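What follows is calculated from the coordinates using simple rules that are stated; it is not laboratory data. From a predicted model like this one, the values you see are computed outputs, not experimental measurements. Note that each Cβ is placed from the backbone with ideal geometry, even for glycine, and that neighbours are counted across all protein chains shown.
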Amino acid sequence: MSPALPLRTVDPMNLVDWVTDLMHTAGAPGAALAIALENLFPPLPSEVFLPLAGFTAAQGKMSLLDAIAWTTLGSVAGALLLYWVGALLGRDRVRRIAARMPLVRVSDVDRTEAWFLRNGYRAVFFGRMIPVFRSLISIPAGVERMRLAPFLAYTAAGSLLWNTALILAGYLLGDNWHLVEQYVGLGSKVVLGLAAATALLFVVTRLSKRRAKSRT
């Protein structure tokens with residue numbers, strides 16, 4: 001690994017560039033830190049960090065296996081922190097928060113909880129490969145106190161597949177590694193669009209039911 005170079009001054013408005021510099025200069029551990037931060041702050045784009053890790057490996061600054069292993073470790077570490085956030089929040093507190101929110105009912109929380117109890121392990125595994133939700137899925141796992149060993153195993157397995165695919169893409173594309181972000185970023189926008197449409201449908205449906213109930 002080449003000697004570490006000094007990082008640029010951290011600008012809060014330019015955090016992505018700072019983390020990119022960190023990965024370039026610190027090698028595989030820097031890649032792990034970048035992905036751990038991406039888990040904690042979903043707006044940070046793994047579709048940039050992971051292909052960049054592959055490109056960095058292609059340049060010989062770290063091995064391909066190190067890039068995959070360290071980024072997967074970073075993914076699990078970030079997910080574990082969010083799991084404990086959910087665990088500290090707790091089921092009862094979530095229900096109390098829901099009871100105070102407009103248009104939200106405690107029964108909505110109960111239905112969501114029932115769904116998660118039926119599909120929790122699958123949700124954690126496949127959720128690790130869905131932009132944005134790959135971070136958020138750890139919080140309900142913590143709220144429901146999913147058994148820690150299976151949570152870590154499914155998180156690691158899903159993260160390994162996602163990380164490997166994007167790192168290999170960056171490794172094979174070389175100087176064109178940034179093309180991965182264009183296509184995966186489009187997928188992220190689609191996911192966010194579907195989530196926004198679902199939320200809008202929920203609000204419209206709930207308001208319509210409230211109006212119909214007030215008339216009767």
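Would you mind checking segment 49-82 for residues with the amide N under 12 Å from a putative spin-label position 7 Å along Cα→C-beta of residue 173?
49-55
Say a paramagnetic label sat at a point 7 Å from the Cα of residue 165, along Cα to Cβ; which residues of segment 52-67 have their backbone N under 15 Å from it?
Taking a point 7 Å out along Cα→Cβ of residue 165, no residue of segment 52-67 has its backbone N under 15 Å.
In segment 62-99, which residues have a backbone nitrogen under 12 Å from the label point lying 7 Å from residue 152's Cα in the Cα-to-Cβ direction?
So the set is 76-77, 80-81.
Just want the ordering: 133, 151, from fewest to most Cβ atoms lying within 10 Å of their own Cβ.
Starting with the residue having the fewest Cβ neighbours, the order is 133, 151.
If you stretched the chain out fully between residue 59 and residue 117, how much longer would it get, using 0.36 nm times the residue separation minus the C-alpha to C-alpha distance?
Separation in residues times 0.36 nm, less the Cα-Cα distance, equals 16.4 nm.
Could you please report the charge total around residue 58, scoring K, R as +1 and D, E as -1 over all other residues with beta-carbon less than 13 angstrom from its beta-carbon?
-1
So if we plug the beta-carbon distance of residue 136 and residue 96 into 1/(1 + (r/R0)^6) with R0 = 22 Å, what FRET efficiency do we get, rounded to 0.05? Before the final figure, lay out each step's value.
On the way: r = 20 Å, r/R0 = 0.92.
For residue 136 and residue 96, the calculated efficiency is 0.65.
How do 121, 154, 171 rank when sorted from fewest to most other Cβ atoms within 10 Å of their own Cβ?
Going from sparsest to densest Cβ surroundings: 121, 171, 154.
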